[in-house]
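Structure, as structure tokens:
The values are calculated or read from the model by the stated rules, or taken from the named source; none is laboratory data. Given the structure is predicted, the values throughout are model-derived calculations rather than measurements. Ideal geometry is used to build each Cβ from the backbone, glycine not excepted, and the neighbour counts take in all protein chains shown. Each accessible area value is taken on the protein alone, full model and side chains, heavy atoms only, with ligands, DNA and RNA left out. Shrake-Rupley method; radii C 1.70, N 1.55, O 1.52, S 1.80 Å.
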Amino acid sequence: MKKSIVILFLILANLFWAGNYIFGKYVVTELSPIQLTFTRWLIAVFLLFPLAQWIEKPDWKSVWKAWKLLLVMGVLGIISYNFFLYWALTYTTSMNAALVNSMNPALIVLFSALLLKEKITSLHALGLIISLFGVLLVLTKGHLRDIFQLTYNKGDLLMILAILVWTFYSIIGKKLKNIPIISATAVSVFLGLILVAPFAIGSGMNLDLSSKSITGLLYIGIFPSVGSFIFWNISLRHINASQAGIYLNLIAVFTAILSLILGHAITIVQILGGLLVFIGVYLTSKKKKEDPADVTKEHVKNIQ
């Protein structure tokens, strides 16, 4: 797959996830985090299986053979991350949640180096720092000293749990190279739903929702749940988890853009911060040039 397509998929995934922050804040006022998590994926599962069959025509027996790994993926990416995210939004502001989420690329870089032995170049590190600085500039409206004045409450701590979960989800996702992407996502969602259903139904589902919440729920169930997960997992098969992780900084930028569309003002500082994020993303997407000596050694090794 062309690198430009991989980058486009990563951008789209984070654009849809940015909407999850905005609409999620509305919906959690009428549905509990566990109910929202369940309803979101219930909508998605009815789209994922037909899409998988139509596009991939998978050997479902082969897919289900990996049910243990897909179950872990379901627990992490389908249930835990979303539950912690929506739970966090009931206690903290979208700004704080997005700020804590901006730590995610650094965690993915760190754990990818520790667990996957991925090499972190100085260029990637520079890109990470620039993009993180851009995110902080957007979130603090240019007053970077405010970052030290934020009071981290229960919601902020829950967001830390959320990004830790997503870090391991992204790393484990690298092990699914031999399973069709949409099919793997569909099965992991199905397994996640089985586990979360008793808790959601037992908590008493609220069916009397406002039109705003219904719209938000439909958006969350389709775009972040189906589009983002498919695009993200496709990308992880063609790019290192540490490089993909840097694109998560785009969530804050897209959140600002979506806020503008919804009628909120956008400032020069937010535009500047967005540009810094894109520069950082570009730098971290650059591949390290291979050392000719290393190429020769690998060639000799292959011949042997």
Once the dipole of the chain is set up with Lys and Arg at +1 and Asp and Glu at -1 on Cβ about the Cα centre, which of 234, 166, 50 lies farthest towards its positive end?
-> 234
Rg (one decimal) and Dmax (whole number) from the Cα set of the range 54-109, in Å, equal 16.3, 44
Given 68/175; 3/68; 25/154; 65/177, the pairs whose alpha carbons are separated by over 20 Å | 3/68
Cα convex hull of the range 1-82 - mean projected area over all directions, nm² = 6.8 nm²
Might you report the magnitude of the Cβ-based charge dipole of the range 40-132 about its Cα centre, with Lys and Arg at +1 and Asp and Glu at -1, to the nearest 20 debye?
-> 240 debye
On a C-alpha basis, how far is the centre of the range 1-56 from the centre of the range 167-194 in Å? Whole number, if you could?
-> 14 Å
Beyond 19 Å, what share of the Cα-Cα pairs of the range 50-207 is found? Please give it as a whole percent.
-> 65 percent
Please compute P(r) over all alpha-carbon pairs of the chain, binned at 10 Å starting from zero, and give each bin as a whole-number percent.
-> 6, 26, 35, 23, 8, 2, 0
Largest first, what is the accessible-area ranking of 163, 11 with a 1.4 Å probe?
-> 11, 163
Apply 1/(1 + (r/R0)^6) to the Cβ-Cβ distance of residue 129 and residue 271, taking R0 = 22 Å, and write down the FRET efficiency to the nearest 0.05.
-> 0.65
Within a Gaussian network of the chain (alpha carbon springs, distance under 10 Å), most fluctuating of 284, 215, 167 | 215
Per residue and in Å³, how big is the convex hull formed by the alpha-carbon atoms of the range 1-142?
-> 157 Å³
How do 3, 119 stack up against each other in accessible area, from largest to smallest, with a 1.4 angstrom probe?
-> 119, 3
What does the convex hull of the Cα atoms come to per residue for the range 207-254, in Å³?
-> 86 Å³
Reported to the nearest 10 Å², residue 168 has, with a 1.4 Å probe, an accessible area equal to 80 Å²
So, with a 1.4 angstrom probe, what is the percent of accessible area on the chain that is carbon and sulfur?
-> 70 percent
List the pair-distance distribution P(r) of the range 89-137, using every Cα-Cα distance, as the percent of pairs falling in each 5 Å bin from 0 up to the bin containing the longest distance, rounded to whole percents.
-> 5, 19, 24, 21, 14, 10, 6, 2
Debye, to nearest 20: dipole size of the chain, +1 on Lys, Arg Cβ, -1 on Asp, Glu Cβ | 740 debye
Just from its helices, what would the mean residue ellipticity at 222 nm be for the chain, if runs of 4 or more DSSP H residues each count -39500 (n - 2.57) and the sum is divided by every residue, rounded to the nearest 500 deg cm²/dmol?
-> -22000 deg cm²/dmol
Where does the range 144-228 land on Rg(C-alpha)/(2.2 N^0.38 Å)?
-> 1.46
